[in-house]
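Laboratory data are not the source of any read-out in this text; all were calculated from the coordinates shown. Just so it is clear, the model here is predicted, and its values are computed rather than measured. Counting neighbours? That spans all protein chains shown, and the Cβs are built from the backbone with ideal geometry, glycine included.
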Amino acid sequence: MKLRTKIMATMVIAVGLILGTWFPASAHTPSASIDCTVAKVSLVSYDQGATAKIVVDGTTKHDGTFGGHLVENYPLTGNTEHTLYVDVVSKDGERYNFHFDHTTTGCVITPTPTPTPTVTPTPTPTPTPTVTPTPTPSVTPPATPPSQPSPPTLAATGKPVDPAAITAAWLLLTFGLGLVALGLVFPVRRARHRK
């Protein structure tokens, strides 16, 4: 019986290690885009050692590691072409590297016309009847407005925790508990059938 428990525990650990190394790597989410008004870069759920080089219109905006999470919008102006170059190297393997190199052309930004103010005549005041106010109960507003819940953060780094990592951990826990339950149920059933 103890041997079976050790085997089941080893299987749960092995499955956990396999899934634990697969889930973070599968969550890499890179994207980049550029138009006449903004260059956008989003690198989410990368390993801590991943590096990125971002160049907008010839100016380097980032060059180095980015802690696994980088989302930036770079505003663009002027009637000219714009370029965005992004190169990401992941420590999880070449298949998670990302490269984007794009140039916009024909950007013509038309100025927004200034609206002309309209003059409205001032109405003549009319006498208003006197109304005796009725007392109303005072309502004291709450001292502080209710706060929005913040996303969970990792205590070690203070960075937001990726929802995909939470889901992966939950799946591993559920799967592991299921395997342990199976390991406990089958020996009992076999013991009953032998009698």
Convert each backbone phi in the range 63-76 into a coupling constant with the Karplus relation 6.51 cos²θ - 1.76 cosθ + 1.60 (shift: θ = phi - 60°), then list the ³J(HN,Hα) values in order as whole Hz, x for Gly and Pro. 8, x, 6, 9, x, x, 8, 8, 9, 9, 10, 10, x, 10
Using only the alpha-carbon atoms, what does the range 25-90 span along each of its principal axes? Please give whole angstrom values in decreasing order. 40, 19, 13
Those GluC sites (Glu not before Pro) from the range 20-119 that are DSSP loop and have at most 16 other Cβ neighbours within 10 Å turn out to be Glu81
Vicinal HN-Hα couplings computed from phi for the range 33-43 (Karplus, 6.51 cos²θ - 1.76 cosθ + 1.60; Hz; Gly/Pro x): 7, 8, 9, 6, 10, 7, 10, 10, 9, 9, 10
With a sphere of radius 11 Å drawn around the Cβ of His82, what net charge do the other residues whose Cβ falls strictly inside it have (Lys, Arg +1; Asp, Glu -1)? -3
Amide H of Ala39 versus every other amide H placed in the peptide plane: which residues, excluding those fewer than 5 positions away on the same chain, fall under 5 Å? Tyr74, Leu76
